[in-house]
1. For the residues Met114, Met353, what sequence is obtained by ranking on other C-beta atoms within 10 Å, fewest first?
2. Tell me, what ³J(HN,Hα) does each residue in segment 165-178 have, in order and in whole Hz, if you take phi through Karplus 6.51 cos²θ - 1.76 cosθ + 1.60 with θ = phi - 60° and put x for Gly and Pro?
3. With the cut-off at 1.5 for a/c, could you classify segment 8-63 from its C-alpha gyration tensor as rounded, prolate or oblate?
4. In Å and on Cα atoms, what radius of gyration and Dmax does segment 192-272 show?
5. Starting from the amide H of Glu140, placed 1.01 Å from N in the peptide plane, find each other amide H under 5 Å away whose residue is 5 or more places distant or on another chain.
6. Indicate the gyration tensor shape class of segment 119-188 (rounded, prolate or oblate), computed on the Cα atoms with a ≥ b ≥ c the square roots of the eigenvalues: a/c under 1.5 is rounded; otherwise a/b larger than b/c is prolate and the rest oblate.
7. At 10 °C and 1.306 mPa s, what whole-number value in µm²/s does Stokes-Einstein give for the translational diffusion of segment 1-146, with Rh from the Kirkwood sum over Cα pairs?
8. Sorting check: for 69-76, 133-140, which peptide has the highest mean count of neighbouring beta carbons within 10 Å, and how do the rest follow?
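What follows is calculated from the coordinates using simple rules that are stated; it is not laboratory data. Just so we're clear, the structure is a prediction, and the values are computed from it rather than from any experiment. Note: ideal-geometry Cβ built from the backbone for every residue, glycine included; neighbour counts use all protein chains shown.
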Amino acid sequence: MSEQHGTQVSATPLPADTDVLVVGAGPVGLTLAAELARRGADAVLIDRQAEGANTSRAAVVHARTLEVLEGIGAAPELVDQGVAVPRFTVRDRDRALLTIGFGGLPTAYPYTLMIPQNRTEEILAGRLRAAGGRVHRPHEVARLAQDDDGVTVTTTGGETIRARYVVGADGMHSTVREQAGIGFTGDTYAQSFVLADVRLDWKLRSDEVMLYFSPAGLLVVAPLPDGRHRIVATVDDAPAHPTAADVQALLDERGPARRPARGRRGRVELPVPRPPPARRPVPQRPRPAGRGRRPRAQPGGRPGHEHRVQDAVALAARLAAVLDGTADAASLERLRGRAPARRRGRVTFTHRMTGIATARARRRRRARNALLRALDRVPAVHRAMAMNLSELAVDPARR
Ligand SMILES: Cc1cc2nc3c(=O)[nH]c(=O)nc-3n(C[C@H](O)[C@H](O)[C@H](O)COP(=O)(O)OP(=O)(O)OC[C@H]3O[C@@H](n4cnc5c(N)ncnc54)[C@H](O)[C@@H]3O)c2cc1C
């Protein structure tokens, strides 16, 4: 028996049945299982990996997500272990075009929190344990057989578990979604990304997420705990293992332009090893998930794990209500139907923004920069953008 995230790896057979089987112990599955456990629902969480991943991957947690995670008690620890970043700037080389402060937002978390995903998962696993749950490992779902009363799930090891509901939190290439016939056939952007966690000899502010617009592509520089920075850059073909020189070249080409002597240019000191991102397919283009035969096998929500974490809490509440008879089963299907429209708006916006941000023609860039600087002087624009970035705008009461 080994330990991961302080959660014991199961060597025991799965229970014969459960009300809810959650497949996948990433951030979404852990949140869902913790919320179900907190609500006293009978739920089992399984994952095919013998241990949780220990890599940093997604690092941004927005205010709305922290609020949603208050229920399972995860927010204080996340805040304690992450870096609170109260500003977001859009830049063209040395010039800040737009500065968005989160300071005045109507939330207990007026900032973006930066924290590596493995730490987030450890904290969520801890909350699951505190609520009496655990991760059953390693159990890989191979098949789902659905009938009117529930789902029989078979693992690759030949074990079966019967569940009234199955939730697929098993990532992008979801077996649950595929087996339930809930096709997610979204496109992916042709763009690939360089991701690296590095230490920078960097004189710019460390309480800011910086988004650099550049004809060569986007560059994001964001602080992480322990004095590191997360670098994200759109490139045509990301190297499997970005080196310090690769990251330096991206900073030189797209980041601050002034000479290091004036203390403005980033210098990469130490890339922290991380797994190759390769051509990571990122936010899928909008395409509504097809209808499954029944809502008994429920996909974990919208793409973008932060959205799915928020959706997971809503889904857990609804499932718990259905199980104790205070909501009808059809309401699960209604919950699933709500997501795509919001997703469509956000992805289309992202797509358009990328085109504007990487404009090559000098006249277009000048016009863009002038527009952004003009918008920067309008308080209502600041607030709207801060509300959107923090995801607080999803709450109609606060718009
Ligand atoms: C190298 C890398 C860098 C990334 N960087 C970023 C970033 O900078 N920003 C960002 O927003 N996102 C990033 N991501 C994506 C982010 O990590 C995912 O969006 C997030 O992990 C999704 O969370 P999830 O809980 O939905 O699924 P996952 O974290 O993918 O978890 C799914 C779980 O399901 C389990 N599983 C899968 N199939 C089965 C099965 N058949 N049976 C049982 N268990 C199964 C897997 O073992 C896994 O533990 C990155 C991903 C990678 C790989």
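1. Met353, Met114
2. 9, 10, 10, x, 10, 9, x, 5, 9, 6, 5, 4, 4, 5
3. In terms of gyration-tensor shape, oblate.
4. 11.6, 33
5. Residues meeting the criterion, in which the H sits 1.01 Å from N, are Thr156, Gly157.
6. Judged from the Cα gyration tensor, segment 119-188 comes out oblate (a/c at least 1.5, b/c at or above a/b).
7. 95
8. Packing order, densest peptide first, comes out as 133-140, 69-76.
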